[in-house]
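Right, one structure below, let's go through it.
The values are calculated or read from the model by the stated rules, or taken from the named source; none is laboratory data. Keep in mind that what you see is a predicted model, and the values were worked out from it rather than measured. Cβ atoms come from the backbone with ideal geometry, glycine included; neighbour counts cover every protein chain shown.
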Amino acid sequence: MPTTKDEAWRYADADFLANANLDALSHWRTLEVPAGETRSEFMYKDSGLESAGATDRLRVHVRKGGRFEGFYIIAGGRYQRVEVEVTLEEGAHFEFGGVTIGGGDKVQEFVTRTIHAEPNATSNQVVRAVQWGRSTGNFLGRIEVVKDAQKTDAGQNFRAILLEKGASANTKPELEIFADDVLCAHGAAIGQLDEAAAYYMAARGIPPQIARKLQVQAFIGDAFVAIEDEATRDRMMEQALEQLNEAVL
Amino acid sequence: MLKIENLSAEIDGKQILKGLSLEVAAGEIHAIMGPNGAGKSTLSNVLGGKPGYEVTGGSVQFMGQDLLDLEPHERAAAGLFLGFQYPVEIPGVSNVQFLREALNAQRKVRGEEALSGGEFLKLAKEQAGLLKMDMEMLKRQVNVGFSGGEKKRAEMVQMGILDPKFAVLDETDSGLDIDALRIVGEGINSIMRSADKGVLLITHYQRLLDVVKPDKVSVLADGRIVQTGGPELAMRLENEGYDLVMADA
């Protein structure tokens, strides 16, 4: 049984782990992307406030020149985790966009493990967290570049906005690189909504609630930029922003 | 339209406005000039309701309402427009979306129907044309990547679209070259020069007043209005400097 002493579970909800069903916790969905093909996944995770928690673990293998893209919103209750492990063959690409959004005492997290197993593979991960109440948004992203996986290009970016004092966010990038001709970019920032922008919007007649929604929309939009289909992108944005209606700030 | 009586205000415990009184009637363009640090921007910020400023005395009546009793967005809906000395950038939000939200929020408060996307775009195109601004610029993010002059021009397009009753323009002329100054000045004339509108034009220099001819000019020094006169006062200030003119007062 994993505990918060395990690296990949360090920010998980301890109560949930103590009472979780081991079979459910150990279950992995698997997906193989054939050479040169693309597979996409768009998910909205809301286990409901009553739920003790839920985990979704996915293991993907992308064959030569293939592409896997996964876009996720975690809006769920108590504890919700989306974990993706991707192995990339030569020239394959992994695109990941994730948004955690919630209040109360929710713990919401993305955990990724990206294995650049062969040369010329690329990966790009963008995670945005919007938290209020006493909730927590986490992103643990591990990138492994094996020996000889030259010309790897891996990018990871995490930003969090805390709408209230008491909310928190954690991130911990882990890079394990055994090739020498590699680009790995990582960025992280945790902050509040921009007050100057809020005042500017108010000065034009936009009430605080709509101003906040516009700012959050702009913020989480980064995670869904890579979604090609506009209707899908709009739907994801709407689903995420609906959560804000719950936030009484 | 706007009646300021004995207004005192401070920021961070430092008193900036010290019993300022000023009245602007409908149909009037009233220029405020004054040396650096006199309180010109503070006046504009207090009228807009910027967080951080504390009004310690006096009153502001705006079209029969107690202005200081209104939230910033309510002041805008009541017909007050604030031209910013430093317009704020809002990444991820387009000018079109920003202004449509603003206009419709104001219309809602006034009990008017929201404009549809098409109706709004038609209005925006008209107003942008007036200020010689490309519609493509309006599709870009609010003030992001705009030059100083473009930001000021965009402010005037915003004013044209929102069509306020009263405008407080804080150093709208700063950062403008001669051509842009003329375009912005003519914009102010065409949007705000009207028997039922008023303007408080805060400026350092005479040059904007060559285009936007003020009906009255007041000198603000050390937190209060020390002198009020006609347009000739601005000429004297330009020629003789604040010290000489104020010594005469």
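Looking at B:V60 and the list (1) assigned to a strand (DSSP E or B); (2) surrounded by fewer than 16 Cβ atoms within 10 Å (Cβ to Cβ), which single condition is not satisfied?
Going through the list (1) assigned to a strand (DSSP E or B); (2) surrounded by fewer than 16 Cβ atoms within 10 Å (Cβ to Cβ), B:V60 breaks only (2).
Whether any residue in the range A:57-67 is among the β-branched types (V, I, T), surrounded by fewer than 16 Cβ atoms within 10 Å (Cβ to Cβ) and either out of contact with any strand residue (DSSP E or B) (no Cβ under 8 Å at 6 or more places or on another chain) or at pLDDT 95 or above (or both) is what I want to check.
no
Which members of the range A:71-92 meet the condition of being over 17 Å from the mean Cα position of the chain (by Cα) and either closer than 15 Å to A:Q156 by Cβ or buried (at least 24 other Cβ atoms within 10 Å of the Cβ) (or both)?
A:L88, A:A92
Looking at the range B:41-57, which of the residues that are outside any helix (DSSP H, G or I) and in contact (Cβ under 8 Å) with a residue 40 or more places away in the chain is surrounded by the fewest Cβ atoms within 10 Å (Cβ to Cβ)?
B:G52
Can you pull out the residues in the range B:141-171 that are of a type outside the set (A, V, I, L, M, F, W, C) and assigned to a helix (DSSP H, G or I)?
Residues satisfying the conditions are B:G148, B:G149, B:E150, B:K151, B:K152, B:R153, B:E155, B:Q158, B:G160.
Mind checking which pairs have a first residue in the range A:185-208 that is facing chain B (nearest Cβ under 7 Å) and of a type in the set (A, V, I, L, M) and a second that is assigned to a loop (DSSP other than H, G, I, E, B) and surrounded by fewer than 20 Cβ atoms within 10 Å (Cβ to Cβ), Cβ under 7 Å, 6 or more apart or different chains?
Filtered contacts from the range A:185-208: A:A196/B:V88; A:A197/B:V88.
If a residue counts only when it is among the small types (G, A, S) and under 22 Å from A:V126 (Cβ atoms), which strands (runs of 3 or more DSSP E) contained entirely in the range A:1-98 have at least 1 such residues?
A:38-45, A:67-74
So, in the range A:220-235, how many residues would count as being within 21 Å of A:F110 (Cα to Cα), within 14 Å of chain B (Cβ to nearest Cβ) and in a helix (DSSP H, G or I)?
6
For a quick check of your reading: which helices (runs of 4 or more DSSP H) sit entirely within the range B:177-249 and have at least 1 residues that are more than 20 Å from B:I29 (Cβ to Cβ)?
So the answer is B:178-192, B:231-240, B:242-248.
Which of the residues that make up the range B:116-146 are under 16 Å from B:G160 (Cα atoms) and touching a Lys or Arg at 6+ places or on another chain (Cβ under 7 Å)?
Those that are under 16 Å from B:G160 (Cα atoms) and touching a Lys or Arg at 6+ places or on another chain (Cβ under 7 Å): B:F120, B:L131, B:M133, B:M135.
If you check B:A114 against the conditions, is it away from chain A (no Cβ under 14 Å), in a loop (DSSP other than H, G, I, E, B) and at negative phi?
No; evaluated as a whole, the condition is false for this residue.
Are any residues in the range B:128-140 in a helix (DSSP H, G or I), touching a helix residue (DSSP H, G or I) at 6+ places or on another chain (Cβ under 7 Å) and more than 19 Å from B:L181 (Cβ to Cβ), and if so, which ones?
B:M135, B:L138, B:K139
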